[in-house]
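To keep things clear, I will list the structure first and then write my remarks on it.
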């Protein structure tokens with residue numbers, strides 16, 4: 001929902017429409033007219049439709065004026081004596097044969113403003129709000145005066161008069177510091193302008209006044225936009241503690257924040273609580289695997305990935321990551337199977353292909369390893385922007401040397417040396433091949449270059 005629609009929804013739903021204050025009416029007319037009753041009933045029916053605060057980027061604006069000046073500026077900005085006079089005449093001619101007391105003019109104008117807002121006739125709403133300002137004394141009716149400023153601030157947001165909207169909202173809070181909905185609208189404005197710190201501050205003010213802890217989820221999201229993962233985690237913890245939303249989803253998200261902030265021990269503990277959950281179990285096990293990998297617990301990580309598969313988990317990289325864990329524990333055959341599966345089904349194709357070759361080499365399946373490395377090298381050369389997989393050349397050379405294809409090994413080590421890949425080791429390994437070929441001169445030269453490269 002964009003900014004205009006969001007504020008309009010808030011106004012229509014009652015988030016920024018406080019209950020009409022009780023006014024002393026010196027008249028024989030009933031205190032609440034049929035028009036008022038209908039308007040209040042409409043507002044009550046729509047109260048449950050309050051919209052959530054949305055984040056939308058916009059350019060930053062200048063700092064708002066002091067609240068003392070803001071109140072006067074907000075009241076005077078659109079007030080036109082002719083408009084007030086015309087509105088008064090409309091009121092006097094509508095249903096009364098004798099002059100209307102000021103309190104009743106205020107009461108009627110307020111209801112007409114509500115009706116205009118609910119019908120989205122914002123020009124007419126502003127006219128009647130101006131009449132209200134003419135008769136509403138902030139000392140006598142502070143709550144209503146603040147509410148009038150709040151309503152006009154919302155209309156200004158809808159009409160893209162953002163600076164004037166902030167003046168009105170600040171003025172409203174000057175008159176009534178506990179007007180929570182003003183903070184909610186300010187949050188929406190700041191979020192739309194990407195002024196994240198101000199949005200967080202305003203939203204926390206709203207939460208403190210309303211005790212609506214469900215909005216800590218939005219606070220967490222705003223902190224995440226700022227890159228403050230630890231602050232996001234703390235806000236999400238408050239969301240969980242307050243019973244906001246889906247508790248299982250909230251707890252799972254808290255675990256993700258812990259993982260993102262590098263608290264892998266805490267993340268493991270958080271996700272273990274969901275390991276047997278029907279909905280979150282597979283994902284929880286996968287995340288336990290990632291966390292344990294970062295803790296160098298490769299056996300535990302491999303087991304967690306296996307549990308994720310058993311629970312129906314299908315996460316991109318699961319086979320690759322389990323393969324890495326198995327490789328680190330020198331379980332070459334099992335690792336090779338996972339890398340082969342990953343190369344076929346996951347997005348880690350090149351890395352999986354490379355590690356598959358490494359595992360095959362460790363299993364002394366040299367010809368299979370050469371095939372794996374060659375497929376990777378050919379893929380790199382055939383790419384639109386050719387990629388040189390130097391590690392594949394290096395390990396393929398080792399496999400070639402192992403099966404006696406010495407000239408091919410020399411050629412691959414030479415590629416590595418030309419590319420500056422692992423120079424000391426590449427020179428040393430090529431020296432060994434030259435030695436096997438009986439080429440003492442090149443062997444000695446490579447050994448000397450290996451020593452230089454090592455220093």
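The values are calculated or read from the model by the stated rules, or taken from the named source; none is laboratory data. What you see is a predicted model, and the numbers here were worked out from it, not measured in a lab. Quick reminder, even Gly has a Cβ in these numbers, built from the backbone with ideal geometry, and neighbours come from all protein chains shown.
Can you tell me which residue within segment 390-406, out of those that are surrounded by fewer than 16 Cβ atoms within 10 Å (Cβ to Cβ) and in contact with a helix residue (DSSP H, G or I) (Cβ under 8 Å, 6 or more places away or on another chain), is farthest from residue 358 (Cα to Cα)?
Among them, the one singled out is 403.
Scan segment 340-349 and tell me whether some residue there is over 18 Å from residue 375 (Cα atoms), modelled with pLDDT of 95 or more and buried (at least 22 other Cβ atoms within 10 Å of the Cβ). Before you say what the answer is, go through the steps one by one.
Just the residues of segment 340-349 that are over 18 Å from residue 375 (Cα atoms), to begin with: none.
There is no residue in segment 340-349 that is over 18 Å from residue 375 (Cα atoms), modelled with pLDDT of 95 or more and buried (at least 22 other Cβ atoms within 10 Å of the Cβ).
Would you mind finding the one in 195, 230, 204 that is assigned by TED's automatic domain parsing to the domain that holds residue 259 and more than 12 Å from the chain's Cα centre (by Cα)?
Working: 195 fails: assigned by TED's automatic domain parsing to the domain that holds residue 259; 204 fails: assigned by TED's automatic domain parsing to the domain that holds residue 259.
After ruling out the rest, the residue left standing is 230.
Say whether the condition of being under 26 Å from residue 182 (Cα atoms) and touching a helix residue (DSSP H, G or I) at 6+ places or on another chain (Cβ under 9 Å) is met by at least one residue in segment 252-266.
Within segment 252-266 (the criterion being under 26 Å from residue 182 (Cα atoms) and touching a helix residue (DSSP H, G or I) at 6+ places or on another chain (Cβ under 9 Å)), the answer is no, since none of the residues qualifies.
For a quick check of your reading: which helices (runs of 4 or more DSSP H) sit entirely within segment 204-304 and have at least 2 residues that are surrounded by fewer than 19 Cβ atoms within 10 Å (Cβ to Cβ)?
Those helices (runs of 4 or more DSSP H) span 216-225, 229-241, 247-260, 264-272.
Quick one: which of 364, 368, 441 is modelled with pLDDT of 95 or more, under 17 Å from residue 337 (Cα atoms) and surrounded by fewer than 15 Cβ atoms within 10 Å (Cβ to Cβ)? Walk me through how you get there before you give the answer.
Details: 368 fails: surrounded by fewer than 15 Cβ atoms within 10 Å (Cβ to Cβ); 441 fails: under 17 Å from residue 337 (Cα atoms).
None of the others qualify; the one that does is 364.
Which residues, taken from segment 228-240, are farther than 20 Å from residue 284 by Cβ and modelled with pLDDT under 85?
The answer is 230, 234, 235, 238.
Out of (1) free of Cβ contacts under 8 Å to residues at least 12 places away in the same chain; (2) crowded, with 17+ Cβ neighbours inside 10 Å, what's the single condition that is false for residue 184?
Against the list (1) free of Cβ contacts under 8 Å to residues at least 12 places away in the same chain; (2) crowded, with 17+ Cβ neighbours inside 10 Å, residue 184 comes up short only on (1).
Applying the selection to segment 156-166, what residues are part of a helix (DSSP H, G or I) and surrounded by fewer than 24 Cβ atoms within 10 Å (Cβ to Cβ)?
Correct list: 158, 162, 163, 164.
For segment 207-221: of the residues being closer than 25 Å to residue 264 by Cβ and touching a residue at least 24 places away in the same chain (Cβ under 8 Å), which is farthest from the chain's Cα centre (by Cα)?
Once the filter is applied, the top-ranked residue is 216.
Can you tell me which residue is nearest to the chain's Cα centre (by Cα) among those in segment 314-331 that are assigned to a loop (DSSP other than H, G, I, E, B) and surrounded by 15 or more Cβ atoms within 10 Å (Cβ to Cβ)?
The residue in question is 315.
Considering every residue within segment 116-126, establish whether at least one is modelled with pLDDT of 90 or more, more than 40 Å from the chain's Cα centre (by Cα) and surrounded by 14 or more Cβ atoms within 10 Å (Cβ to Cβ).
Checking segment 116-126: not a single residue is modelled with pLDDT of 90 or more, more than 40 Å from the chain's Cα centre (by Cα) and surrounded by 14 or more Cβ atoms within 10 Å (Cβ to Cβ).
Return the residues of segment 144-174 that are free of Cβ contacts under 8 Å to residues at least 12 places away in the same chain and more than 28 Å from the chain's Cα centre (by Cα); say none if nothing qualifies.
None; the set is empty.
Just one of the numbered conditions (1) under 14 Å from the mean Cα position of the chain (by Cα); (2) outside the structural domain of residue 139 (by TED's automatic domain parsing) is not true of residue 252; which one?
That leaves (1) as the condition not met.
Residue 352 passes all but one of (1) at pLDDT 95 or above; (2) under 22 Å from the mean Cα position of the chain (by Cα); which number fails?
Condition not satisfied by residue 352: (2).
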